[in-house]
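Data block below; observations after.
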Amino acid sequence: MKKKCIGLIVFLAFFLGVVGAVHSASYKPEYKMSIVVGPTGPWGEGAARFADAVKKYTDGKINIKPYYSGQLFAGKQTNEFLLMKQGVIDFALGSTINWSTTIKELNLFSLPFFFPDYKSLDAVQAGDVGKKLFKVIEEKGVVGLGWCENGFREFTNSKRAVKRPEDLDGIKARVVGSPIFIDTFKAMGANPVSMNWGEALSAFQQGTVDGQENPVVSVIIPNKLWQVHKYATVWHYAIDPLILSVSKEVWDGFSPQDKTAIMKAADEISKWQKKAAREGLEGSTAALDGLKKNGMEVTVLTPAQIKVFKDKTKPVYDKWTKEIGVDLVKAAEADIQKAAKK
Ligand code: X2X
């Protein structure tokens, strides 16, 4: 009996060893991770921390290298998801906006003035809608490991303080290359132009565009946008979650132990990253104070001022709800209402 037991243990150890070896033999020496922005700030830093944690928890077996500033997709950020599917990109800390041209459902987060606060966003991500979205992306070849965050998108420009739609008149605003953004800014009365992020940074310097919309902590501060734009409008008009992710083909090649180790790293980093993206914004004015110290004039819109913009963009909501899926939008609305009562 004892002998049999020892035999079984030896066999199991041998079997697991062989399985492990087969897996690691097929591992790549380097896994490429895509990030649209540079290494500074919670987005870029989140990617570096994830790579470090995966290395640590897999005892050096899985080596992820972050490629910043859109290097892996040669600047064209709406290609990121497709390149993951095609095996060019292995991992990504990717914006839902950049993937939304491929995955229509992800436009949910870009519906104008839809998510009132972080609480409602967290509720939607943690509930059935969040799970459904991860299922949809997995069916298209990418595994979501955790929700991270770029943040609520605010507006900056070089012309004037924007408080009412009329203030946007004639302002040439760079928006990301996803059609809902063009629709929203047209509806609000601006003159939107879609541009990749890399190009946009030079366009701000050259003054060929007047404004842009991005989160304060993750993008406006790390890129010192006060050097090019004097005015900031805080209106939380869209939220931009990031998805920490891996191509399904790559994921399926990892051993069960390594998958567990990667999930551990992903859980840890998602928590850290979301918190860092909200630092100085949630229950604090530190981030906005920072903009003011650097010479910006910051306008925080009141609920009544926001309502004027929200009413203007109602046709965008109607059009895009159909694209996203009426049921999904209704389910998210129900989660948001429930979160408001808590
Ligand atoms: O291009 C942008 O505005 C950015 C950096 O926020 C995204 O990747 C969506």
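A short reminder: the numbers here are calculations on the coordinates, not readings from a lab. What you see is a predicted model; the values in this text were computed from it and never measured. Glycine gets a Cβ as well: all are built from the backbone with ideal geometry, and neighbour counts include every protein chain shown.
Key figures
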{"item": "Residues ARG160, ARG174 arranged by fewest to most Cβ contacts within 10 Å", "result": "ARG160, ARG174"}
{"item": "Mean separation of Cα contacts under 8 Å (6+ apart) over length of the chain, as relative contact order %", "result": "25 percent"}
{"item": "Most mobile listed residue (VAL143, VAL216, VAL88) in the chain, GNM with C-alpha springs under 10 Å", "result": "VAL88"}
{"item": "Difference of contour (0.36 nm per residue) and Cα-Cα distance, LYS119 to SER26", "result": "29.3 nm"}
{"item": "Assigned charges on the beta-carbon of Lys, Arg, Asp, Glu; segment 71-175 dipole about Cα centre (debye)", "result": "320 debye"}
{"item": "Which listed pairs, of LYS186/LYS292; LYS55/LYS104; LYS32/LYS56; LYS32/LYS248; LYS274/LYS342, have C-alpha distances above 24 Å, in listed order", "result": "LYS186/LYS292; LYS55/LYS104"}
{"item": "Binned Cα-Cα distances of segment 185-238, short to long, each 5 Å bin given as a whole percent", "result": "4, 16, 30, 29, 17, 3"}
{"item": "Whole-Å semi-axes of segment 87-204's equivalent ellipsoid (Cα gyration tensor)", "result": "29, 18, 12"}
{"item": "Per-bin percent of Cα-Cα distances, the chain [20 Å]", "result": "30, 54, 13, 3, 0"}
{"item": "CD proxy at 222 nm, helix term only [per DSSP H run n ≥ 4: -39500 (n - 2.57); per residue of the chain; nearest 500]", "result": "-15000 deg cm²/dmol"}
{"item": "Charge dipole of the chain about the Cα centre (unit charges at C-beta), most positive-ward option of GLN273, TRP197, ALA238", "result": "GLN273"}
{"item": "Separation between Cα centres of segment 160-236 and segment 38-69, rounded to whole Å", "result": "29 Å"}
{"item": "Cα gyration tensor, segment 212-342 - rounded (a/c under 1.5), prolate or oblate", "result": "oblate"}
{"item": "Exposure proxy order (Cβ contacts within 10 Å, fewest to most) of VAL36, VAL219", "result": "VAL219, VAL36"}
